[in-house]
1. I'd like the full set of residues that are among the polar types (S, T, N, Q) and outside any helix (DSSP H, G or I), limited to region 34-52.
2. Select, from Val234, Val247, the only residue that is buried (at least 23 other Cβ atoms within 10 Å of the Cβ), in contact (Cβ under 8 Å) with a residue 40 or more places away in the chain and within 13 Å of the ligand (Cβ to nearest atom).
3. Which members of region 149-184 meet the condition of being more than 14 Å from the chain's Cα centre (by Cα) and either within 16 Å of the ligand (Cβ to nearest atom) or closer than 20 Å to Leu43 by Cβ (or both)?
4. Please go through region 254-296 and pick out each residue that is small (Gly, Ala, Ser) and within 16 Å of the ligand (Cβ to nearest atom).
5. For the condition within 14 Å of the ligand (Cβ to nearest atom) and either small (Gly, Ala, Ser) or over 18 Å from Leu24 (Cα atoms) (or both), what is the one hit in Lys220, Lys300?
6. Which pairs do you get when a residue that is under 14 Å from Gly272 (Cβ atoms), found in region 299-316, comes within reach of a residue that is at pLDDT 85 or above and assigned to a helix (DSSP H, G or I), reach meaning Cβ atoms under 6 angstrom, with the pair 6+ apart or on two chains?
Amino acid sequence: MKLADVGNTPFVEVYGLLPNGNRLFSKCEYMNPTGSHKDRTYLNIIENMEKQGVIRKGMTLIDCSTGNGGAALAWIGREKGYKIIVFMPEGMTDERKQQILSFGADIIETPKETFLMGAAIAADEYRKKHPVGEVCFLDQSSTLLNKSAWHACGQEIVSALHRQRVVPDLFICSIGTGGTFCGIADILRREYKNIKTIGIEVDRSAPLYASRRGEVFEHKSHNLMGLGAGVLSVNTIPELIDEVRVVDGHAAWDRMKKFIAEYNFGIGPTCGANLMVCEDVARLESGKNIVTLFFDSAWKYESRWEGVYPDYAEAE
Ligand SMILES: Cc1ncc(COP(=O)(O)O)c(C=O)c1O
């Protein structure tokens with residue numbers, strides 16, 4: 001696999017899934033080289049920071065991740081000649097950890113109690129202990145180079161829709177940092193003035209949903225890794241998100257498994273969340289064109305196939 005293989009993923013129509021003559025299209029980001037959408041994110045962050053002279057070959061690049069970002073960073077870092085350290089909350093899947101290690105990166109596990117917030121604090125402390133120029137904390141949550149990575153994907157979707165002479169009515173997709181959602185939504189909005197965008201959060205950690213309802217946000221542990229970090233990233237740009245819905249993590253896992261059995265696409269649990277909301281919307285609509293995204297691959301979750309992370313078992 002080569003860096004040039006990142007992006008240009010298939011854009012497919014998923015036949016027979018939605019009721020009422022609604023059509024579903026999905027961008028297959030799980031087909032990126034490391035098996036997730038985060039290849040685009042880190043390639044863009046690293047290449048732009050190189051251009052800006054912020055980082056150069058030989059430096060140590062660090063970031064926090066539940067696994068997909070870490071694997072993408074580890075692989076791209078190795079290809080480009082960086083040392084990589086991934087700060088990960090303990091209890092993530094073995095497949096994700098093994099993948100990161102296989103690319104020659106180091107993992108520093110941080111306490112489960114503080115989840116990704118704790119991993120970010122640990123990464124920042126590590127950075128402070130080293131001279132500038134030796135270590136760079138990329139911080140995918142705080143750099144808009146995350147969102148801008150997704151403009152190219154948005155353009156690919158627009159080109160594919162043009163070729164098929166399809167005008168999209170809705171873009172429906174989950175939000176972690178929000179980089180994927182907002183980068184694509186930005187491009188789709190410019191092209192299709194009437195498109196409606198619906199963001200998805202996991203119900204146990206939904207800061208945007210809480211703020212829209214005027215509720216106090218509280219982070220609770222959950223089983224949809226990649227969503228619900230516990231903080232709102234600068235990449236979650238509220239103006240680009242018309243509506244926010246929440247999903248139950250276990251229901252998303254069940255939806256993923258049913259989809260894999262029926263369609264034989266090896267997708268992960270947050271893709272199940274996307275499908276659930278597309279179906280909910282489609283039940284009340286007819287003749288709409290809905291665009292969504294498949295983030296990552298099922299094989300990354302085999303050791304947790306019951307959808308339970310023992311360290312993050314829900315307390316109530
Ligand atoms: C499996 C999975 N789904 C969805 C997301 C959300 O992507 P983003 O951070 O771009 O919002 C992530 C992020 O890590 C993820 O790993």
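1. Quick first cut of region 34-52, residues among the polar types (S, T, N, Q) only: 34, 36, 41, 44, 48, 52.
Hits for region 34-52 are Thr34, Ser36, Gln52.
2. Values: Val234 fails: buried (at least 23 other Cβ atoms within 10 Å of the Cβ).
The match here is Val247.
3. His151, Ala152, Gly154, Gln155, Glu156, Ile157, Ser159, Phe171, listed by residue number.
4. Start the filter on region 254-296 by keeping residues that are small (Gly, Ala, Ser), which leaves 261, 266, 268, 272-273, 282, 286-287.
Listed by number, the residues that qualify are Gly266, Gly268, Gly272, Ala273.
5. Numbers: Lys220 fails: within 14 Å of the ligand (Cβ to nearest atom).
Sole residue among the options that is within 14 Å of the ligand (Cβ to nearest atom) and either small (Gly, Ala, Ser) or over 18 Å from Leu24 (Cα atoms) (or both): Lys300.
6. Going by the 6 Å Cβ cut-off, the qualifying pairs are Lys300/Glu95; Lys300/Arg96; Gly307/His250; Gly307/Trp253.
Conditions tested, residue by residue: (1) touching a strand residue (DSSP E or B) at 6+ places or on another chain (Cβ under 8 Å); (2) under 26 Å from Tyr312 (Cβ atoms); (3) not polar (S, T, N, Q).
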residue	(1), (2), (3)
Leu188	yes, no, yes
Leu224	yes, yes, yes
Arg245	yes, yes, yes
Asn264	no, no, no
Asn274	yes, yes, no
Glu279	no, no, yes
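Okay, residues lined up against (1) within 17 Å of Ile184 (Cβ to Cβ); (2) out of contact with any strand residue (DSSP E or B) (no Cβ under 9 Å at 6 or more places or on another chain); (3) within 13 Å of the ligand (Cβ to nearest atom):
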{"residue": "Lys2", "(1), (2), (3)": "no, yes, no"}
{"residue": "Ser26", "(1), (2), (3)": "yes, no, no"}
{"residue": "Thr60", "(1), (2), (3)": "no, no, no"}
{"residue": "Gly69", "(1), (2), (3)": "no, no, yes"}
{"residue": "Gly77", "(1), (2), (3)": "no, no, no"}
{"residue": "Lys83", "(1), (2), (3)": "no, no, no"}
{"residue": "Val86", "(1), (2), (3)": "no, no, yes"}
{"residue": "Ile107", "(1), (2), (3)": "no, no, no"}
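The values are calculated or read from the model by the stated rules, or taken from the named source; none is laboratory data. This structure is a prediction, so every number in the text was calculated from the model and none was measured. Cβ atoms come from the backbone with ideal geometry, glycine included; neighbour counts cover every protein chain shown.
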